[in-house]
Amino acid sequence: MSLSGFASLQSVENLLVPAALDGLRSDWLLEVAPLIAPSPALDQQRVRLLFDSQGIGWPFRARVDEWPIDDESVDSILARHIWQPGMAASPMTEVMRVLKPGGLLVSVSANPWHRLAWRELGAAALRLPSWPHLQMVHVRHALKLTTPAVSQWRGLIPGVSPVLVLIARKAQKPARIEPVRFAKPRVAVGAMPASHCRAA
């Protein structure tokens, strides 16, 4: 089965994705998306990692679950439509591996209960994650969800929003505390020198 680019969702993504990235403190972000997916209009500089059902197709060839990117090297990731029928594997493990501690993850998926998803995928749209399932995928990876409450309610009502946008952060690493090691006290051995002081 080929992957969908969800071109019909482009105008909605152009509204929702920039709002989700508002306040982004990093100079650039990594966008992970299907090879045929049009990219949303963003002000942020980005590097696109594009995949098809066979794996990563651009800017290098790789398996979808083995990226040649260093561990914890990316500040922000925009993951668009990575949960689709026809995917050989989920890239979510790699997303978590390359994302820095405290890094931002914005996930975008078509709503399986919206007519636009059905127009692109037919009944296979039911295999897309629903709003509760999308949240659980992120919680299982120990991500802290920071999606605004308005978006959460909109996602819970089937068929209202054609696009589900979830905002999460990877947990910070706890500070490393080294225990203070005191040297053992040493007791002087031998006779004490005689004192020449006299009491007045």
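The values are calculated or read from the model by the stated rules, or taken from the named source; none is laboratory data. These figures come from a predicted structure and were not determined experimentally. Note that each Cβ is placed from the backbone with ideal geometry, even for glycine, and that neighbours are counted across all protein chains shown.
What to note about this one:
Quick grid of which residues meet (1) surrounded by fewer than 17 Cβ atoms within 10 Å (Cβ to Cβ); (2) within 21 Å of L15 (Cα to Cα); (3) modelled with pLDDT of 90 or more:
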{"position": "W131", "(1), (2), (3)": "no, yes, yes"}
{"position": "A149", "(1), (2), (3)": "yes, yes, no"}
{"position": "V163", "(1), (2), (3)": "no, yes, yes"}
{"position": "P179", "(1), (2), (3)": "yes, no, no"}
{"position": "A188", "(1), (2), (3)": "yes, no, no"}
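- Within this structure, D27 passes the test of being surrounded by fewer than 16 Cβ atoms within 10 Å (Cβ to Cβ), among the acidic types (D, E), within 25 Å of P174 (Cα to Cα) and modelled with pLDDT under 95.
- Residue under evaluation S107, criteria (1) modelled with pLDDT under 95; (2) buried (at least 20 other Cβ atoms within 10 Å of the Cβ); (3) closer than 18 Å to F6 by Cβ; (4) in contact with a strand residue (DSSP E or B) (Cβ under 8 Å, 6 or more places away or on another chain), criterion not met: (1)
- Against the list (1) over 15 Å from E13 (Cβ atoms); (2) surrounded by 15 or more Cβ atoms within 10 Å (Cβ to Cβ); (3) modelled with pLDDT of 90 or more, the condition L78 fails is (1).
- Hits in region 43-66 - residues which are assigned to a loop (DSSP other than H, G, I, E, B), closer than 16 Å to P18 by Cα and either at pLDDT 90 or above or within 18 Å of the chain's Cα centre (by Cα) (or both): Q44
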